[in-house]
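As structure tokens, the structure follows; a few thoughts come after it.
The values are calculated or read from the model by the stated rules, or taken from the named source; none is laboratory data. No experiment lies behind these values; they were computed from the predicted model shown. Ideal geometry is used to build each Cβ from the backbone, glycine not excepted, and the neighbour counts take in all protein chains shown.
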């Protein structure tokens with residue numbers, strides 16, 4: 001189902017408002033986000049708004065050798081390039097790429113989700129590999145917060161053993177605190 005541009009813009013605006021009020025967002029300094037594509041909720045307005053509020057923003061970059069993601073610093077002066085999948089990435093030297101466990105908060109784009117924290121992505125497993133070393137409890141590592149349109153909620157998603165669960169999901173209309181397994 002394709003969402004109209006006005007529906008996508010409204011969801012992005014609502015998500016930005018909801019996200020900015022969350023305690024975890026307010027206290028996080030290193031935040032990993034993403035550049036929206038293929039109907040994903042666009043976070044650019046909240047990133048631009050919060051860029052000067054003592055937050056460090058990071059965007060995913062492909063680590064080809066590991067078929068995983070690292071996170072590269074992103075600010076208003078960042079140079080960008082397209083990766084092999086046509087997704088924007090900040091250009092930084094390899095020594096400036098951080099691991100997922102170095103983040104306080106990771107905002108993940110979703111294709112689908114359920115209320116148990118199971119998620120569907122684009123299918124490459126990049127996030128699962130990047131998040132594999134993060135502690136399962138948000139007290140010990142980054143909070144994994146999925147961002148989605150309400151219509152992307154599924155009743156149940158069968159998780160594979162390697163799938164990494166979310167701690168929270170924010171849609172344009174609500175915050176979903178995931179039921180712990």
When you scan the range 60-71, how many residues do you find that are buried (at least 16 other Cβ atoms within 10 Å of the Cβ) and either under 18 Å from residue 10 (Cβ atoms) or more than 15 Å from the chain's Cα centre (by Cα) (or both)? 1
Tell me, which residue of the range 3-59 that is under 13 Å from the mean Cα position of the chain (by Cα) and exposed (fewer than 14 other Cβ atoms within 10 Å of the Cβ) is modelled with the highest pLDDT? 44
Please identify the pairs in which a residue from the range 27-44 that is touching a residue at least 60 places away in the same chain (Cβ under 8 Å) and on the phi > 0 side of the Ramachandran plot has its Cβ atom under 9 Å from the Cβ atom of a residue that is assigned to a loop (DSSP other than H, G, I, E, B) and loosely packed, with under 13 Cβ neighbours inside 10 Å, counting only partners at least 6 apart or on another chain. 39/2
Mind counting the residues in the range 95-118 that are touching a residue at least 12 places away in the same chain (Cβ under 8 Å) and not in a loop (DSSP other than H, G, I, E, B)? 13
Odd one out for residue 101, checked against (1) buried (at least 16 other Cβ atoms within 10 Å of the Cβ); (2) within 22 Å of residue 164 (Cβ to Cβ); (3) under 16 Å from the mean Cα position of the chain (by Cα): (1)
Among the residues that make up the range 116-135, is at least one of them modelled with pLDDT of 90 or more, over 22 Å from residue 160 (Cβ atoms) and crowded, with 17+ Cβ neighbours inside 10 Å? no
